[in-house]
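A short write-up of the structure that comes next.
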Amino acid sequence: MKLYKILVLTIILSIISFSCNQQKTKWQGTIKEVNGVTIVKNPIEPMYGEEIIEIEKDLSIKEDLSDEGLLNIFSSGSAYSGRTERIIALPELESPRQIVVEKGRVYFVDRRNVVVYNLSDGRFLMKIGKLGQGPGEFNMGPKRLSVLGDRLIVQDLLSFECFNLEGIHTGGIKDPDLIAFYSFLPVGRNFVGFPMLRYEDGSLSGPSGRIYDSNLKLKRKFFGELPALPSAPPPPGRAKPRGRSDKLLIRDYGDYTVYEDRIYVADSSRGFSISVFDENGILLREIKHSFDKVKVQKSFVDKVVKEWKASRDWQTYYSHVNPVVPEYFPALIDFKIDCGRICALTAAKKDDLYEIILMDLEGKILGREFRFPLQPNFEMPFFNGFKYDIEGNKLVWFDYNDDKETYELHIR
């Protein structure tokens, strides 16, 4: 049984590293070709009922903002164009997959453990956990980290290990669902997760929201399916596919987080939408904003195909797929909550910087700025949030320096 669970999780983890043909879904829409680009038009998803909060476009900076930090982060000018960027070498890192910044500390989910640095000076502080099967150890290495108050919750194989801020192991949480890709987190007196369910034909559903009680018994289903992840490509050595299959290059974004006993769920298939639930999964409000649609240009597809042709997988895989894109980019491609503010990343772009919109927890727009310097992952937008974080008025991310052969921390 244990071997079966490991095999199932291995299949799920392969989804993380690769993407392939779109999964079978109950989809209805139109497909057409415009100027050599295949365009997919999805039907409009239904919204929630009367509890929706509709907020019309208001992207100007409010003159009555008194919080200096808010004004520094999202001013009407180009506050970050001239701001000094600090770059700090991180020689302790092996192969980081996620960065989390909280209360002056920078946490990296690395290959074997969680590595912690001081944000102010980049000083190395400690490593938390190690590979193994004992308490506070990781079976296959840590996958994702969530910082909730004074707790560090680290995703591992079919479980989540808990530590305090000093790195001391305080216990573990066994995931109640066999196939879970998203974090499983405490919320108030309950737990929340988004497992994937298996259909009768063997395919997997999109992640669906569920509330569990303190004994990890299912209490309530509270959210439908988030956008599905791409399925994994065939393993090396398998025969080349016959004919050409479609490969969706731009997918809708979906993810969730917990903040102060509230569950925030983002789903771009509903437009610019972040739904807020209480600890029992009861809908409190849906934050929605009108937005300027960003049209997908042919140059975007050309760039992707060029990268495919340069890939070592061109002959075995990419040469057999047909790139497909929607007419527009998603309205939302990542979100985070920092110091009581929602920070939403969009596909709008100016001077090679992507837009971040700042809102309060009720959804009121406080400001916006073109300041995100990284190239988003539109095919798997779930991973956009793994590369950066926001702490106060600082945008923090990591990258690999090929010349120096080391990872580096960027603070702007």
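Worth pointing out:
- Environment charge at S159 (Cβ cut-off 9 Å; Lys +1, Arg +1, Asp -1, Glu -1): -2
- Placing dummy labels 7 Å off each Cα toward the beta-carbon, the span from R198 to R312 is 3.3 nm.
- Between I168 and H410, the modelled label-to-label distance comes to 3.8 nm, taking each label 7 Å out from Cα in the direction of the beta carbon.
- Summing Lys and Arg as +1 and Asp and Glu as -1 over all other residues whose Cβ lies under 12 Å from the Cβ of G132 gives a net charge of -1.
- The stretch 81-235: antiparallel DSSP beta bridges as a percent of all, rounded to 5: 95 percent
Values in this text are rule-based calculations from the coordinates and carry no lab data. Computed from a prediction, not measured in an experiment: that's the story for all the values here. Here Cβ is always computed from backbone atoms with ideal geometry, including for glycine, and neighbour counts include all displayed protein chains.
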